[in-house]
Amino acid sequence: MTRRRPAPVAPASPSPPSSGLFSRTYLAATASFAAVMFLTGFAALAVMPLLPVAARDLDGVVLYPLVAGAFVAASLLGGVLGGTWADRAGPRRPLTVGVALTVVTLLVSATSTTIWQLALGRFADGIAAGLVAVSINVAIGQSYPDHVRARALALMSACWIVPSLAGPPLAGLVAAWWSWRAVFFGLAGFTLLPAAAAVLLLHGRGPEGEAGPSPDARGSSGPVRRPALSAAVAVSAAAALTQYGVSAWDVRHVVCTVSGLALLVVFAPRLLPPRTWQAGRGLPATVLLRALTSGAYFTLEAFVPLMLSTARRVPGVVTGLAFTGAALAWAGASWLQGRLQDRVPRYWLVAVGAGVMAAAVALAALCVLPAVPAATAVSSMVLAAVGMGLATPSLTLLSLTHAPAGGQGYASSAMQTAQNLGQTIVLALASALFSAVSTATNSQLAPFAWAFALLVVPVTGTVRLASRTRTASPEREHDSEPATTACPAEPADER
């Protein structure tokens, strides 16, 4: 009698662990990044209404444009520093320094005795913000698989909702009841302990870089070309000069504007991927579209409130509602793109977002007609924020996908630089056109019409060029499976 051997029993495969944003695997990272973004947003937004008051108190109103522009100019430098540092040593260290520097800069601003010290504090705060923004993007790219990153970026946008709603009113109340210095001191104290806890949590997470960039497009942009620190310093100085120069049209301001733009033309390309201005496919086009969308949105955000308060004479509360609605719309659209990434290619979301922004620009332009209700301009800001909520996280995800091996910090730095350059250049051009039309006509609304007309160029250009940002493997743009070559549990080598 033949003895039959029992068939081998296949071992039961363990059920894969949950890989959601708040799963056990990623909860520490998610909590850390959300805490840092919340604190950074609160510190950044709460001080904005106080800067004119501080400038007046320090007898430096004439230098207010320099104070206001120092933050954006310095964030260019901070972004380059953060990107280079993150590629060499991982994002943890620049993120720690950025968070600590935020507290220091608040104390520098709080103790200001001159307008120049306040400008220095804002400049240092810009460096800190650049370090934090780039490091967070790199950390997200290294900490989450591809199908979780979109939702992580949506959460980072949502972390700005409460600061945008509560920060400015609370700061205004404290300044009215006490002083603007108390706001800076209070923010420093409020930020110190939670920031220290977030940094300790990050240090307890173990080695850097669990889940590297998606391999399907890696290397599509060629080898990493590290930007020189001298070029970053020159571009930061150029941005500050340009923003100061466009505030008036006397000889000194014209010289500053021309000098700043000349420096930008010479040095800005050195901080960006090759062929960025030619919209080369992959990372160059992605970086260019970040500049175009950011420049259009923040210029619209600058001119719509100005039109409401000067030409249309609406109450200040209406303008405040515009910013509140825009913050909520941006976060909501960002949440939506995180849910759509499995169904819609990311470059489509970029094109749709830019198309929504084009409609917002047209809506704002309609408001120069006296028969159109002024509240329509408020809806234009909200609509533009919807477009940015769709486009900005999608462009960030595409930049991480297009980043060459070992170059996520470089890609994030280029995106941060492009965002600030777009704001500087588009706002400067719109301001120059606004000033020229204001001088040539007595109409209060005509200058706004020309400024809004200028914004049609970057938003329609984004729609037209969005397909250049698609990955080498289009199907992976909406693939919900994580990259198989990078296991979240296996640490990568520090760079």
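Restricting attention to helices (runs of 4 or more DSSP H) lying wholly within region 82-187, give those where 1 or more residues are more than 22 Å from the chain's Cα centre (by Cα).
So the answer is 92-110, 115-143, 161-177.
Assess whether A285 counts as being in a helix (DSSP H, G or I) and over 16 Å from the mean Cα position of the chain (by Cα).
Taking the combined requirement at face value, the residue satisfies it.
Quick check on R205: is it over 23 Å from R343 (Cα atoms), more than 22 Å from the chain's Cα centre (by Cα) and at pLDDT below 60?
yes
What about A248, is it modelled with pLDDT under 60, of a type in the set (A, V, I, L, M, F, W, C) and in a loop (DSSP other than H, G, I, E, B)?
No: the conditions fail for A248.
What residue, among those in region 402-421 that are closer than 24 Å to L336 by Cα and at pLDDT 85 or above, is farthest from the chain's Cα centre (by Cα)?
Going through the qualifying residues, I end up with H402.
In region 269-305, which residues are surrounded by fewer than 18 Cβ atoms within 10 Å (Cβ to Cβ), among the hydrophobic types (A, V, I, L, M, F, W, C) and in contact (Cβ under 8 Å) with a residue 40 or more places away in the chain?
Passing the criteria: only A302.
Kindly provide the set of residues from region 435-470 that are of a type in the set (F, W, Y) and surrounded by fewer than 24 Cβ atoms within 10 Å (Cβ to Cβ), ordered by number.
Of everything in region 435-470, just one residue is of a type in the set (F, W, Y) and surrounded by fewer than 24 Cβ atoms within 10 Å (Cβ to Cβ), namely W450.
Counting just the residues of region 83-142 that are of a type in the set (F, W, Y) and closer than 24 Å to L58 by Cα, which one comes out surrounded by the fewest Cβ atoms within 10 Å (Cβ to Cβ)?
Top of the filtered list is W116.
Can you name the condition, by its number, that V382 falls short on among (1) surrounded by fewer than 24 Cβ atoms within 10 Å (Cβ to Cβ); (2) in contact with a helix residue (DSSP H, G or I) (Cβ under 9 Å, 6 or more places away or on another chain); (3) farther than 27 Å from A158 by Cα?
(3)
Which is farther than 23 Å from W330 by Cβ, surrounded by fewer than 24 Cβ atoms within 10 Å (Cβ to Cβ) and at pLDDT below 85, of T242, T257?
Answer to the selection: T257.
Please verify whether A70 is in contact with a Ser or Thr (Cβ under 7 Å, 6 or more places away or on another chain) and at pLDDT below 85, treating the condition exactly as stated.
Answer is no for this residue.
The values are calculated or read from the model by the stated rules, or taken from the named source; none is laboratory data. Since this is a predicted model, take the numbers as computed values, not measurements. Virtual Cβ from ideal backbone geometry, glycine too; neighbours counted across all protein chains shown.
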